[in-house]
Each structure stands twice: as structure tokens, then as C-alpha cells.
1. Run down Glu152, Glu183 and say which single residue is at pLDDT below 90 and more than 30 Å from Val16 (Cα to Cα).
2. Which residues, taken from segment 60-81, are outside any helix (DSSP H, G or I) and either open to solvent by 30 Å² or more (accessible area, probe 1.4 Å) or in contact with a strand residue (DSSP E or B) (Cβ under 8 Å, 6 or more places away or on another chain) (or both)?
3. Inspect segment 63-77 for any residue being farther than 15 Å from Ala13 by Cα and basic (Lys, Arg) and give the result as yes or no.
4. List pairs: first residue in segment 49-63 and more than 20 Å from Glu28 (Cα to Cα) and modelled with pLDDT under 95, second residue of a type outside the set (Asp, Glu) and not in a helix (DSSP H, G or I) anywhere in the structure, Cβ distance under 9 angstrom, at least six positions apart or on different chains.
5. Of all the residues that make up segment 123-140, how many are assigned to a loop (DSSP other than H, G, I, E, B) and under 12 Å from the mean Cα position of the chain (by Cα)?
6. In segment 91-104, which residues are in a helix (DSSP H, G or I) and loosely packed, with under 15 Cβ neighbours inside 10 Å?
7. When you scan segment 13-34, do you find a residue that is farther than 25 Å from Val140 by Cα, at pLDDT 95 or above and not in a helix (DSSP H, G or I), even just one?
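The values are calculated or read from the model by the stated rules, or taken from the named source; none is laboratory data. Model, not experiment: these values are computed from the prediction. Virtual Cβ from ideal backbone geometry, glycine too; neighbours counted across all protein chains shown. Accessible surface is based on the protein model in full, side chains and every heavy atom, while ligands, DNA and RNA are left aside. Shrake-Rupley method; radii C 1.70, N 1.55, O 1.52, S 1.80 Å.
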Amino acid sequence: MRPSQKNVILDAAIRVTERDGITGLTLESAAEEAGVTKGGLMYHFRTRDDLLVAIQKHLTRRWEELLKAELGKPPEEATAREAVAAYTRVGAQGGASKADLAFMIESATSPELAAVWDDHISRWAAPPVSAEPQDIDLLVARLAADGLWLLEATSGVQLPAPVKEALRRRLTELTEGESDKSE
């Protein structure tokens, strides 16, 4: 198999997860969805666990690309505030998938999957190290973006465009330290 087949298999496995849930994802179902033999799939992913970790990496790479594009530079060159602001803006745009959610839940019981997500999140939305108001504002913005993502991933609810835009503006104010000081 060509290396590009790896992405075809991963995308197919994500489709299976979207449709049938993570418990419905087997080597056989992923191979069938990708149009390859089980042996062809196993050339790249010897076990289901290997496939799951590869999918988690594939999903976080997608988020990483969106976040880097939003930030306009590598996260290593950004301040914590800039990284969380990019994370919040991308999260508030939507685009949550049931596969993303399934893998987040699976990460709670799988150290290998959790390590992939933890590595990703540590670059973009690490927890604050102080209780200073500006750091708490960043955390509130991050949690609100995560909450919106969760709402969309679990319910299919789409906020009305004016509400979503107002939420984005408010989150931007929090990440840029422009919250109303008179409250």
C-alpha cells in the first residue's frame, strides 16, 4: 500500500466511528469502509489499539492545522494568551464531530489516547498557573469554547448566528483582556 492509503484508512475509520460509534469500529469495518482488505489495513495498523491511536493523532493533526492557521505562527512562538485565544476562536466556530467526542471519551480510560490529546492541549490551552483575573478569563474562554463544542457534538444544536457571533465577540474580549472591569 502507498503511504497515502494510511489517510484513506484513517478517514474511513472516522466515518465508521461517526456512523456506528467507537464500539462499532473494528479492523474489519474500517477495512471495508476504506475499500481495502483487512490484511491491507493491518499492514499499517496491526491491532485495533494501533488504529485507535493513529486515529487520535489524525484527529488532533486536523485541529492542529486549524489552530496554526488561526494563530498564524507555530504555537511555540506564541504567548499562552495568543495560543488560548486561537484555541477559543477555533472552538467557537464549531465543527465538532461525533468522532472527536468519541475519542475524547475513550481517552478517559486509555492512557495512550489521553497522551496524544494531552500533548496537543498542552500547546494550545494549558491550565493557568495563577489565579490572576486575566488567567482566569483565559480559562473561562477556553471552557466556554469547549462547552460550545460539546453542545454541538452531543446534541446537534446550532445556536442562532447572532448568538454565536455575540459569544465569539465575548470570548475574544476575555482572551484579549478586554472584559468589563466595572462589574
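1. On the way: Glu152 fails: more than 30 Å from Val16 (Cα to Cα).
Checking each option against the conditions leaves just Glu183.
2. Gly72, Lys73, Pro74, Thr79
3. Step one: filter segment 63-77 for residues farther than 15 Å from Ala13 by Cα, giving 63-77.
From the residues that got through so far, the ones that are basic (Lys, Arg) too are 68, 73.
The answer is yes; a qualifying residue exists.
4. The qualifying pairs are Leu59/Ser97.
5. Restricting attention to segment 123-140, the residues satisfying the condition of being assigned to a loop (DSSP other than H, G, I, E, B) are 125-132.
Those left that are additionally under 12 Å from the mean Cα position of the chain (by Cα): 125.
Summing the residues that are assigned to a loop (DSSP other than H, G, I, E, B) and under 12 Å from the mean Cα position of the chain (by Cα) in segment 123-140 gives 1.
6. Looking only at segment 91-104, we keep the residues that are in a helix (DSSP H, G or I), and these are 91-93, 98-104.
Correct list: empty.
7. yes
Residue-wise test of (1) among the hydroxyl-bearing types (Ser, Thr, Tyr); (2) out of contact with any helix residue (DSSP H, G or I) (no Cβ under 8 Å at 6 or more places or on another chain); (3) closer than 25 Å to Leu167 by Cα; (4) not in a loop (DSSP other than H, G, I, E, B).
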| position | (1), (2), (3), (4) |
| --- | --- |
| Glu106 | no, no, no, yes |
| Thr109 | yes, yes, no, no |
| Ala114 | no, no, no, yes |
| Ile121 | no, yes, yes, yes |
| Arg142 | no, no, yes, yes |
